1. Starting from the 7 Å offset along Cα-to-Cβ, what nm value, one decimal, do you get for the label separation of N290 and E304?
2. From the phi angles alone, apply the Karplus equation (6.51, -1.76, 1.60; θ = phi - 60°) to region 148-156 and give each ³J(HN,Hα) in whole Hz, x where the residue is Gly or Pro.
3. Keeping every protein chain in place, order S340, S9 by accessible area at 1.4 Å, biggest value first, i.e. largest first.
4. Order these peptides, 226-237, 345-356, 264-275, by their mean beta-carbon neighbour count within 10 angstrom, highest first.
5. Given a 1.4 Å probe and heavy atoms of the protein chains only, how would you sort D13, D318, D204, largest accessible area at the top?
6. Determine, from the Cβ-Cβ distance of S87 and R364 and an R0 of 41 Å, the FRET efficiency 1/(1 + (r/R0)^6), rounded to the nearest 0.05.
7. How large is the dipole of region 172-221 about the Cα centre if only Lys and Arg carry +1 and Asp and Glu carry -1, each at its Cβ, rounded to the nearest 20 debye?
8. Keeping all protein chains in the complex and leaving out DNA, RNA and ligands, what accessible area do you get for D276 with a 1.4 Å probe, in Å² to the nearest 10?
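The values are calculated or read from the model by the stated rules, or taken from the named source; none is laboratory data. Model, not experiment: these values are computed from the prediction. FYI the Cβ positions are ideal-geometry reconstructions off the backbone, even for glycines, and counts take in every protein chain you see. When the accessible area is computed, the model is the full protein with side chains, heavy atoms only, and any ligands, DNA or RNA have been set aside. Shrake-Rupley method; radii C 1.70, N 1.55, O 1.52, S 1.80 Å.
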Amino acid sequence: MDLNLKTVSDKVDAGERLTADDARALFDSHDVWTIGRLADRVRRRMHGNAAYYNVNRHFNYSNVCALSCHFCDFYRKRGEAGAYEFSTDDARAQARDAREAGATEIHMVGGLHPYLPFSYYTDMLEAIRGEYPHLHIKAFTAVEIVHLARIDKRPNDLAGVLGDLRDAGLGSLPGGGAEVFDDRCHDEAYKGKIRSDKWLEVHDVAHELGLMSNATILYGHIESIDDRIGHLMLLREAQDRAIERGWPGRFQTVIPLPFVPGESKLRHLPGPTGLDDLKMMAISRLVLDNFDHVKAFWIMQTIELSQLALQFGVDDIDGTVVWYDITKVKRDGSTHQEMSAGHLRRAIAEAGFEPIERDTLYRRVARDGAAWRLADASLEHV
Ligand code: SF4
């Protein structure tokens, strides 16, 4: 074992919280096996041999965006080749497809469309809920929430905006749009986007309202290791806040997202390596002691590395996905990126874990083909 990790190892054994210096020692170490073993120890303490997956469907309602983030290969300007915006009927059709495929969740995010009114979003939520009431709608990153508040001319009423979206069918918030909480990175690569304080404020307000949410960190571009550590510390503080204040909502999972250069303005950068991916997931597990879950997103990490990540602190692999437009791995630009539930279960079992299907709120799901119910019969669909 790398002797520089001895203090961290002792703290993990004792269940003590790690400091920023401990996180730095982990990032600086090349002893990836010890880092993995430590994360695995914590992961097994929390979840035993269970590894979660979900049957879901992603829906990117529009790629038209007012911003031009340098790492983004998704956005188009209105009228530009490839720009699109789906209608309410399209959203309804997505919900119908999701029901027929037995999905428990629709994950819905898009660009910051400069012209669509607030009613477009509430109509879309209501259309999905009307078609398939048991489908959990996880939608709109904090960046989109702030954008919706602006287009509805109530930039300071985040609680009102989130409340209206919840009344229309919003079930929880995804974790995107956080990137890296650092002003230098923000100004160089995603200027125009909200800064960390606003991102955290949206999630605070959501948690106070009782909405669950997730968190991400986009790494492997222009950020430093200290920027990553600072980001994790701010997430941990935000979760402490939700817990200490007794808010009914909180972060459920952190999803470390590797930067994928694609055709973005940062395409000259190589993106992170597999070892960096494994360390980032393991260190997230070790530092975020108040987060229940660490998720691998196979679209970005690949299913092969996600399998291995289960031994590096990860307890959850998202998901069946089906259509995903934000990061296109296939060279033909296809947005069809689907993993069957059977394939996910096999991948998890092969790694030595027990595959457990969950819903968005991490409740166990009992399934018979496309028909599903919550395994705990005392719980209702939400
Ligand atoms: S990352 Fe989001 S906000 Fe930035 S350009 Fe892409 S779609 Fe727009």
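1. Result for the modelled spin labels: 3.9 nm.
2. 5, 5, 5, 5, 8, 6, 9, x, 9
3. Numbers: S340 65, S9 15 Å².
Largest to smallest exposure gives the sequence S340, S9.
4. Details: 226-237: 19.5, 345-356: 16.6, 264-275: 14.7.
In decreasing order of mean packing, 226-237, 345-356, 264-275 become 226-237, 345-356, 264-275.
5. Details: D13 90, D318 5, D204 30 Å².
Ranking D13, D318, D204 by accessible area, largest first, yields D13, D204, D318.
6. On the way: r = 35 Å, r/R0 = 0.86.
For R0 = 41 Å, the calculated efficiency reads 0.70.
7. Numbers: 5 positive and 9 negative charges, 32 e Å.
With Lys and Arg at +1 and Asp and Glu at -1, about 160 debye.
8. Approximately 40 Å² for this residue.
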